[in-house]
Amino acid sequence: MKLFKVAAIAAIIVSGSALAGVVPQYGGGNHGGGNGGGSNNSGPNSELSIYQYGGGNSALALQTDAKNSELTISQSGGSNGADVGQGSDDSSIDLQQRGFGNSATLDQWNGKESTMIVKQYGGGNGAAVDQTASGSTVSVTQVGFGNNATAHQY
């Protein structure tokens, strides 16, 4: 009976961490996220957030040497995957995945005052986006099933 109580408490703690909201992290070597998520954030006045709802979602986020920047990943549904990296000052990345089996690889490096917005609704959509241009915006929206997009802005 004691083992059952410990297992039930552990399940509550794990399921609560799967819905972890904003994970503001300052300095280096911080780790956060849940539901298969991992993050590392460094840079003054920067924020990295991972929101996951559903099951089997995976998010890997790295924000390094990015001053005054934001990186947000929001996943709902199942089996969505994200690999996102940012090293640009005064910049933002916003990834929204709704549905099942969507995947995105997003990179924004060496620019300043840049924005990247990727939205995936449906299933089996894939996006590969990278940007190094300063003062620029990349926006990708996928609705439906089996769409693939690749965008490079230098």
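Coordinate-derived values only; no laboratory data. It should be emphasised that the depicted structure is a prediction, and the values quoted were computed from it without experimental measurement. No Cβ is skipped: glycine too gets one built from the backbone with ideal geometry, and neighbour counts run over all protein chains shown.
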- line: G135 neighbourhood, Cβ < 13 Å, K/R = +1, D/E = -1, net charge -2
query: Considering amide H positions built from the backbone, and no H for Pro or chain starts, which residues 5 or more places from Y53, or on another chain, come under 5 Å of its amide H?
result: Q75, S76, G77
query: Amide H to amide H, which residues 5 or more places from S103 or on other chains are under 5 Å from it, using H placed in the peptide plane?
result: G81, N125, G126, A127
- prompt: Can you put S46, S136 in order, fewest other beta carbons within 10 Å first?
  reply: S136, S46
- prompt: In what order do S134, S58 fall by count of nearby beta-carbon atoms within 10 Å, going from fewest to most?
  reply: S134, S58
